[in-house]
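Working notes, structure below.
Coordinate-derived values only; no laboratory data. Everything numeric in this text was worked out from a predicted model, so none of it was measured. Note: ideal-geometry Cβ built from the backbone for every residue, glycine included; neighbour counts use all protein chains shown.
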Amino acid sequence: MDSIGWFPRAKFGPGSTVLFEKPTISAWSIREKQSQHNHQQEEWDQDLESGSSTAEATFHVQQDDGPTAYMRVYMQVPHPSTEFEPREVGRRQVPPPGTCHYDTCPPRD
């Protein structure tokens, strides 16, 4: 379902600004979306190892007259066919605390 745009141009389009508060306050301007990948799973395909349905996008960003970088944004998205259901349906799709999606988990010690 790569055709679904989970990253709206109004918020993630060229010229949009992303603000960070930590570790220090900084503002980055989005120059271009490099890629987007959607990973939507059917309800019956869920298990604790794979987590929820997600979308991730990589953006080329720049600080005002400063360095350029790449920023990757991950978000939870609804399972297929539930995109327009009430919020309670989406809440039930969230994996339990301590679980995360396939390659977004921090390394374990």
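Some points to look at:
- With a Förster radius of 25 Å applied to the C-beta separation of HIS60 and PHE84, the computed FRET efficiency comes to 0.20.
- Label positions at ALA69 and THR17, each projected 7 Å from the Cα along the C-beta direction, are separated by 1.7 nm.
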